[in-house]
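Notes follow once the structure below has been shown.
The values are calculated or read from the model by the stated rules, or taken from the named source; none is laboratory data. Predicted model only: the values in this text are computed from it and were never measured. Methodologically, a virtual Cβ is constructed for each residue, glycine included, from the backbone with ideal geometry; neighbour enumeration extends over all protein chains shown.
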Amino acid sequence: MRQIYLQRQLYQLVKHPPVEMSRVAKERLRMLNAWEGLRRRGESGEEAAATLGISRATLYRWRGRLQRQGLKGLEEQSRRPKRYRGREWGTSEVELIRELRELYPRWGKEKLAVLAGREGVKISVSTTGRILAYLKQRGMISEPAQKRWFYSKKRSKRPYAVRKPKDYGVVEPGDLVQVDTLDLHPLPGKHLKHFTARDVISRWDILEVYPSATAEHARQFLTTLLTRMPFPVRAIQVDGGSEFMQQFEHACAELGIHLFVLPPRSPKLNGRVERAHRTHLDEFYSVYYLEFEPSALNPVLREWERIYNYVRPHRALDNLSPAEYIQNHHPTICPRLSHMS
């Protein structure tokens, strides 16, 4: 029987399939070929390297690896140093840190290093950190589960109010009005709630005082706000106070006004109206002698509201009053706005 064998080289190709080169290796091979081509044209190795924008040492290193290892030598290789510092701690230090960590599970490497020094074992803070990492990798210590002794109140889902969308545009007066309350304690045992509504664009303010901050009083203030604002209100933004729920929320829904509610503990998002509180405290409540009864205080507060909106220069509006700002920049919204209103 006649047997036919293939050439030895074909068997070698089967054992060693072609090397699949990565993009990095292909680019290095291309640069080496270009470098060699420039040198054959008469350029020196340094000149050819400068033309390609690669250091000559790098090109010699790639060529050496290609000659020793073939195409595989052009792949990314480990940059781990051949000599590296070994561990400077032993079993006794590991055991000491483990015992201290079990005794004080929430203490970090700084405190544990101090405690180890008190036991007569001098360990640096960085070494203590390496020992802790060593112990965690081997499962010898673990982070303790935190016990919560307080629980946040579960917030009920609002039927209408939502977070203000990121793409909601605020470009004209009335696009967004911020509403908030301010506690007034003028006398011992006397408590009032000051409501402020501020338009974000024009800084137009509406002010009213009520005996308390209830949802019914907030709904009444909504009616006052819509009546006294010189332009239509498109959206209102409030915090998560209970006074802005129930009747207030239902009224906004019935009127078709967007109601945006702030995330918890984020008064800075209502910064316009928070700054308004400061202004009215400094320039009204701290200056005039007032009778702190809603029936007597609200008429005086209404006059201050007129002064604020029509007379007082506002720095954020280039020293214009809110009324002047609207007349100059949004005349079509309130064409008949007058300082005598």
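If you scan segment 293-324, which residues turn out to be touching a residue at least 60 places away in the same chain (Cβ under 8 Å) and outside any helix (DSSP H, G or I)?
Correct list: His314 only.
For segment 236-247, enumerate the residues that are touching a Lys or Arg at 6+ places or on another chain (Cβ under 9 Å) and either at pLDDT below 95 or surrounded by fewer than 18 Cβ atoms within 10 Å (Cβ to Cβ) (or both).
The first filter runs over segment 236-247 and keeps only residues touching a Lys or Arg at 6+ places or on another chain (Cβ under 9 Å), leaving 237, 240, 243, 245-247.
Once the filter is applied, which keeps residues that are touching a Lys or Arg at 6+ places or on another chain (Cβ under 9 Å) and either at pLDDT below 95 or surrounded by fewer than 18 Cβ atoms within 10 Å (Cβ to Cβ) (or both), segment 236-247 yields Gly240, Glu243, Met245, Gln246, Gln247.
Please state which one of Glu93, Glu110 is assigned to a helix (DSSP H, G or I) and in contact (Cβ under 8 Å) with a residue 24 or more places away in the chain.
Details: Glu110 fails: in contact (Cβ under 8 Å) with a residue 24 or more places away in the chain.
Criteria check complete, one pass: Glu93.
Residue by residue through segment 177-218, note down the ones that are assigned to a strand (DSSP E or B), farther than 27 Å from Asp318 by Cα and of a type in the set (Lys, Arg).
Selection gives Lys193 alone.
Return the residues of segment 223-257 that are over 20 Å from Tyr308 (Cβ atoms) and without any contact (Cβ under 8 Å) to a residue 60 or more places away in the chain; say none if nothing qualifies.
Thr223, Pro232, Asp239, Ser242, Gln246, Gln247, Phe248, Ala251, Glu254, Leu255, Gly256, Ile257
Quick grid of which residues meet (1) loosely packed, with under 11 Cβ neighbours inside 10 Å; (2) under 39 Å from the mean Cα position of the chain (by Cα):
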site	(1), (2)
Glu76	yes, yes
Arg79	yes, yes
Gly86	yes, no
Val94	no, no
Tyr104	no, yes
Lys109	no, yes
Leu112	no, yes
Arg118	yes, no
Ile123	no, yes
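Six or more apart or on different chains, Cβ atoms under 6 Å: show the pairs whose first residue is in segment 191-208 and under 17 Å from Thr223 (Cβ atoms) and in the same structural domain as Arg315 (by TED's automatic domain parsing) and whose second is of a type in the set (Gly, Ala, Ser) and surrounded by fewer than 23 Cβ atoms within 10 Å (Cβ to Cβ).
Cβ pairs passing all conditions: Lys193/Ser212; Lys193/Ala213; Thr196/Ala276; Asp205/Ala276.
Just the residues that are exposed (fewer than 14 other Cβ atoms within 10 Å of the Cβ), of a type in the set (A, V, I, L, M, F, W, C) and closer than 27 Å to Val170 by Cα, please, taken from segment 269-313.
Correct list: Ile307, Val311.
Please go through (1) among the acidic types (Asp, Glu); (2) surrounded by 10 or more Cβ atoms within 10 Å (Cβ to Cβ); (3) under 30 Å from Gly129 (Cβ atoms) for Glu43 and return the number of the only condition it doesn't satisfy.
(3) is the only condition that Glu43 fails.
Tell me which of these Ala213 doesn't satisfy, since it passes every other one: (1) buried (at least 19 other Cβ atoms within 10 Å of the Cβ); (2) at pLDDT below 95; (3) within 30 Å of the chain's Cα centre (by Cα).
(3)
Could you check how many residues of segment 22-46 are assigned to a helix (DSSP H, G or I) and over 18 Å from Glu76 (Cα atoms)?
Going residue by residue through segment 22-46, those that are assigned to a helix (DSSP H, G or I) are 23-40, 45-46.
Remaining after also requiring over 18 Å from Glu76 (Cα atoms): 33-40, 45-46.
Of the residues in segment 22-46, 10 are assigned to a helix (DSSP H, G or I) and over 18 Å from Glu76 (Cα atoms).
Go through (1) surrounded by 13 or more Cβ atoms within 10 Å (Cβ to Cβ); (2) part of a helix (DSSP H, G or I) and name the single condition Gln69 misses.
Every listed condition holds for Gln69 apart from (1).
Return the residues of segment 219-245 that are of a type in the set (A, V, I, L, M), in contact with a Leu (Cβ under 9 Å, 6 or more places away or on another chain) and part of a helix (DSSP H, G or I); say none if nothing qualifies.
Here is the first cut: in segment 219-245, the residues of a type in the set (A, V, I, L, M) are 222, 225-226, 229, 233, 235-236, 238, 245.
Cutting the leftovers down to in contact with a Leu (Cβ under 9 Å, 6 or more places away or on another chain) gives us 222, 226, 233, 235-236, 238.
Hits for segment 219-245 are Leu222, Leu226.
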